[in-house]
Structure formats: C-alpha cells, structure tokens
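K.L.:
This structure is in structure tokens; I'll ask about it shortly.
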C-alpha cells in the first residue's frame, strides 16, 4: 500500500471540466467491467480523504454543476473513453452536490421512471425533459456497448499532481 501523500493542489486542478456536449451536468455511466475501479480503491483512505477535501475547497464547497452550496458535496471522477483502444482515462475531478452526483451515476434501475432525477438533469442544463430523456437513453446505449469490453484504467492525470506534491515534500 502506498504511503500517505500530502495532497494540496487545489490551485493546480482545473476549476471545471469542459464537456464537449456543452452540458453543465452529464450522465456518465461507467462500463460494468470497470465498476469498482475508482480512486477510492487505488488510493489509501487518507489519500482519498485529502484529495476529495482539496476538490471541495477548490470549488468553495459549491456544486460545480448546479452551484448549490446548501447540500452535501461529493468528489466525482470524470473519465474519458477511447472506444477503439478501450482505455478509460481519468481527466479530472469535480465537486458535485449529492443530487447532481445522483444523476451522474444513474444505474439501469435509476432514471427510467424516476422523474425527479430527470427534472434535475433538465433543469441544471436548461433543456426540456424530452431532450434530457433522449440524452439519458443515448448514455444507456453507449454504456451497454462499452460494457461488452475490458478496459484499461489510466489515472496518469492524477499521478502528475501526486508526483508534484511528493517532489515538493522532499525539498
């Protein structure tokens, strides 16, 4: 198990992850073949706690999707997928309120029939319920295809920041 590392890089992390879709909040379904492959499982408990708290502090304890400040916040891992090489690459971390995080990680039994989540998704993005439902359906189709494959997990984005902190601690 790696030794605890001081993680203090709030100013170095991008404040918000640009989404090619232009949405403030997206449905980011994880392929079944990588469920459980997350930072909490790769870092020590102490490292994960320090990391997520740095993300919360960077965001001012506000949701980076809906701007809520009166709810419990979560640290959300943002992944990019290379569908040809089957590489799931960590590209950033976001501070999300529990409600936005609830929408982001829908399960197959989740949003279908769950009007409250769909309404929240539509409201945050300023889109109609019809368009929100189409986006969700497309996300389900995409994750079903991705779940047919084994994926390589790439966390090099985070390793860069951890290494900087490790180097700074040794100076």
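The values are calculated or read from the model by the stated rules, or taken from the named source; none is laboratory data. Since this is a predicted model, take the numbers as computed values, not measurements. As a convention, Cβ positions derive from the backbone with ideal geometry for all residues, glycine included, and neighbour counts pool all protein chains shown.
K.L.:
Residue 129 - would you say it is touching a residue at least 24 places away in the same chain (Cβ under 8 Å) and either in contact with a strand residue (DSSP E or B) (Cβ under 8 Å, 6 or more places away or on another chain) or surrounded by fewer than 19 Cβ atoms within 10 Å (Cβ to Cβ) (or both)?
P.N.:
Answer is no for this residue.
K.L.:
Of the residues that make up the range 109-132, is at least one more than 15 Å from residue 31 (Cβ to Cβ), in a strand (DSSP E or B) and at pLDDT 90 or above? Step through it out loud before you land on a result.
P.N.:
We begin by selecting, within the range 109-132, every residue more than 15 Å from residue 31 (Cβ to Cβ); these are 109-132.
Filter once more, so that each one left must be in a strand (DSSP E or B): none.
No, the range 109-132 contains no residue that is more than 15 Å from residue 31 (Cβ to Cβ), in a strand (DSSP E or B) and at pLDDT 90 or above.
K.L.:
While we're on this one: Of the conditions (1) in contact with a strand residue (DSSP E or B) (Cβ under 9 Å, 6 or more places away or on another chain); (2) at pLDDT 90 or above, residue 33 clears all except one; give me its number.
P.N.:
(1)
K.L.:
If I go through the range 47-99 residue by residue, how many of them are closer than 20 Å to residue 25 by Cβ and in a loop (DSSP other than H, G, I, E, B)?
P.N.:
Looking only at that region, the number is 14.
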